[in-house]
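Single-structure report; data block below.
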Amino acid sequence: MAENVTILAIESSCDETAASVVVNGREVLSNVISSQIDIHTLYGGVVPEIASRKHTERINQVIRQALSEAGRTFSDLDAIAVTYGPGLVGPLLIGVSEAKALSFATGIPLIGVHHIEGHISANYIAAKDLEPPFVCLVVSGGHTHLVLVRDYGEYEILGRTHDDAAGEAFDKVAREIGLGYPGGPKIDRVSKEGNPQAIHFPRGKVDGSRYDFSFSGMKSAVLNYLNTARMKGEEISVPDVAASFQAAVVDVLVSHAMWAIDEFHLDKFALAGGVASNSALRAAMEEGCRQKKAAFYCPPPILCTDNAAMIGAAAYYDYIRGVRSGFDLNAVPNLKLGER
Ligand code: KG4
Ligand code: ZN
């Protein structure tokens with residue numbers, strides 16, 4: 001196996017401008033994340049045009065800082081990796097164009113990385129001993145995928161959401177109960193003061209598809225509950241609504257994950273994506289895995305939300321398999337996992 005493969009990774013698929021230097025896929029020398037959250041909060045969600053403009057303004061500085069914090073220069077690099085999908089097309093194009101320009105100017109090979117593959121690979125950084133096969137639940141603002149990771153770069157999607165992503169549902173419910181954007185961390189926080197059994201919200205099911213998810217019905221159930229309570233003039237306990245909704249989402253996510261562990265007889269399970277930092281989800285998954293005698297993996301919150309270190313981790317396994325991208329690499333907003 002190649003030794004000390006040093007990769008500069010760039011991530012700009014949504015509202016974080018990020019760059020990182022990663023050695024051998026698991027050792028992070030720097031992980032610079034410039035979040036635009038303050039700006040998008042003013043609009044209640046990510047505004048793609050503003051995100052693109054901010055990426056353009058910040059990307060050079062973020063890359064320079066990632067190299068300098070790592071104590072590396074371009075001459076130390078074996079590859080430049082960049083997220084090329086899925087995500088917002090404008091933001092993705094900024095990262096892809098930057099990476100192509102740097103690769104062209106320096107002659108360093110270019111590797112396009114799938115954003116979800118990045119989220120999954122954050123686990124390789126957090127757990128140096130983790131190797132496929134394992135089951136991974138990727139839950140973020142844009143995605144909810146239950147994935148069988150057969151090998152490095154070899155994925156089988158067992159289930160996906162038919163409507164909202166788990167994080168999206170958190171964000172929408174948070175907005176309705178007046179917690180603001182981004183809602184996930186806020187629901188997580190107020191839920192600690194609420195009773196998760198106070199209100200029974202339905203556990204979203206998808207007919208004929210055991211592993212798929214549906215969160216829009218759960219979100220509508222919360223809205224109906226709020227409307228009915230307001231019409232009747234009843235007092236609404238925000239912590240109880242938040243905790244009960246969170247419990248419903250966690251229940252669905254954990255049960256799907258446990259079925260997969262059983263069906264595929266796997267003894268390793270990993271969480272990934274922004275929602276993986278949810279404290280109730282982590283605790284419930286950990287307990288579920290303990291009962292199944294499966295090892296539980298979950299990256300620290302800084303590696304769960306969007307970052308470039310995870311892109312560098314995924315790129316390493318592409319690099320050692322000889323995967324390289326050409327200068328025709330383009331942003332692919334709806335890139336499917338396992339596609340090139
Ligand atoms: O992975 P990520 O940073 O971006 C995407 O690729 O989508 O995930 C962001 C999502 C947001 O929807 C945010 O509300 C959610 O992750 N999130 C959480 C928590 N922290 C972030 N959801 C629930 N609980 C949290 N603690
Ligand atoms: Zn993400």
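ARG175 to THR106: FRET efficiency via 1/(1 + (r/R0)^6), r the Cβ-Cβ distance, R0 41 Å, to the nearest 0.05?
Details: r = 44 Å, r/R0 = 1.07.
It comes out at approximately 0.40.
Around SER325, which amide H atoms from residues at least 5 apart in sequence, or from another chain, sit under 5 Å from its own amide H, with H modelled in the peptide plane?
Under 5 Å from the amide H of SER325: LEU110, ILE111, GLY112.
Students often get this wrong: which residues of the stretch 37-72 have the backbone nitrogen under 15 Å from the point 7 angstrom along Cα-to-C-beta of ASN4?
71-72
Distance in nm between label sites at ASP151 and LYS232, each 7 Å beyond Cα in the beta-carbon direction?
Using points 7 Å along Cα→Cβ, the separation is 5.8 nm.
So what's the gap between the Cα centers of the stretch 232-270 and the stretch 1-47, to the nearest angstrom?
28
Would you calculate the separation in nanometres between label points at PHE74 and GLN61, each defined as 7 Å from the Cα along the Cα-to-beta-carbon direction?
2.1
If you average the alpha carbon positions of the stretch 301-340 and of the stretch 151-182, how far apart do those two centres end up, in angstrom?
Measuring centre to centre over Cα atoms gives 20 Å.
If I stretch the segment between ALA283 and GLU263 completely, what's the gain in nm (0.36 nm per residue apart, minus their alpha carbon distance), one decimal?
Working: separation 20, 0.36 × 20 = 7.20 nm, distance 2.23 nm.
Computed gain between ALA283 and GLU263 is 5.0 nm.
Please state the relative contact order of the stretch 118-240 as a whole percent: Cα pairs under 8 Å, 6+ residues apart?
Working: 179 pairs, mean separation 24.6, N = 123.
After rounding, I find 20 percent.
Heavy atoms of the protein only, probe of 1.4 Å, neighbouring chains included. What is the accessible area of ARG290 in Å², nearest 10?
The value for ARG290 is about 150 Å².
Got the relative contact order for the stretch 195-340 handy, in percent, Cα pairs under 8 Å and 6 or more residues apart?
Values: 128 pairs, mean separation 28.2, N = 146.
Once normalised by length, the contact order is 19 percent.
Name the lysines eligible as straight-distance cross-link partners of LYS232: C-alpha to C-alpha under 29 Å, and not fewer than 8 places from it in the same chain.
LYS172, LYS186, LYS192, LYS219
Looking at the square roots a ≥ b ≥ c of the eigenvalues of the Cα gyration tensor of the stretch 32-144, which shape do they give, rounded for a/c under 1.5, prolate if a/b is larger than b/c, or oblate?
Values: a/c = 1.68, a/b = 1.02, b/c = 1.65.
Because a/c hits 1.5 or more and a/b fails to exceed b/c, the stretch 32-144 counts as oblate.
Counting Lys +1, Arg +1, Asp -1, Glu -1, what net charge surrounds VAL249 among other residues with beta carbon under 14 Å of its beta carbon? Could you put the intermediate results ahead of the total?
Details: positive: LYS172, ARG203, LYS205, LYS219, ARG282; negative: ASP163, ASP164, GLU168, ASP171, ASP188, ASP251.
Every neighbour counted, the sum reads -1.
May I ask for the net charge around GLY118, where only other residues with Cβ less than 9 Å from the Cβ of GLY118 are counted and Lys, Arg are +1 while Asp, Glu are -1? Please list the in-between numbers first.
Values: positive: none; negative: GLU11, GLU117, ASP306.
Residues close to GLY118 contribute a combined charge of -3.
Using protein chains only and a probe of 1.4 angstrom, how many square angstrom of GLU69 are accessible, to the nearest 10?
110
Please state the charge dipole magnitude for the chain, taken about the Cα centre, from unit charges on C-beta atoms (+1 on K and R, -1 on D and E), reported in debye and rounded to the nearest 20.
Numbers: 30 positive and 40 negative charges, 46 e Å.
The calculation lands at about 220 debye.
For the chain, what proportion of DSSP beta bridges, expressed in % and rounded to the nearest 5, is antiparallel? The partial results should precede the final answer.
Numbers: 27 of 44 bridges.
If we restrict to bridges inside the chain, about 60 percent are antiparallel.
Along the Cα→Cβ direction, 7 angstrom out, place labels at VAL206 and LEU223. What is the inter-label distance in nm?
2.0
At 1.4 Å probe size, put SER52, SER279 in order of accessible surface, largest to smallest. Write out the running numbers ahead of the final one.
Numbers: SER52 20, SER279 45 Å².
Sorted by accessible area, descending: SER279, SER52.
Can you find, among ALA331, SER30, GLY233, the residue sitting farthest towards the positive end of the charge dipole of the chain, where Lys and Arg contribute +1 and Asp and Glu -1 at Cβ?
GLY233
The values are calculated or read from the model by the stated rules, or taken from the named source; none is laboratory data. Everything numeric here is computed off the predicted structure, so don't read it as measured data. Using ideal geometry, Cβ is built from the backbone for each residue, glycine included, and neighbour counts are taken over all protein chains shown. The accessibility values were calculated without ligands, DNA or RNA, using every heavy atom of the protein model including side chains. Shrake-Rupley method; radii C 1.70, N 1.55, O 1.52, S 1.80 Å.
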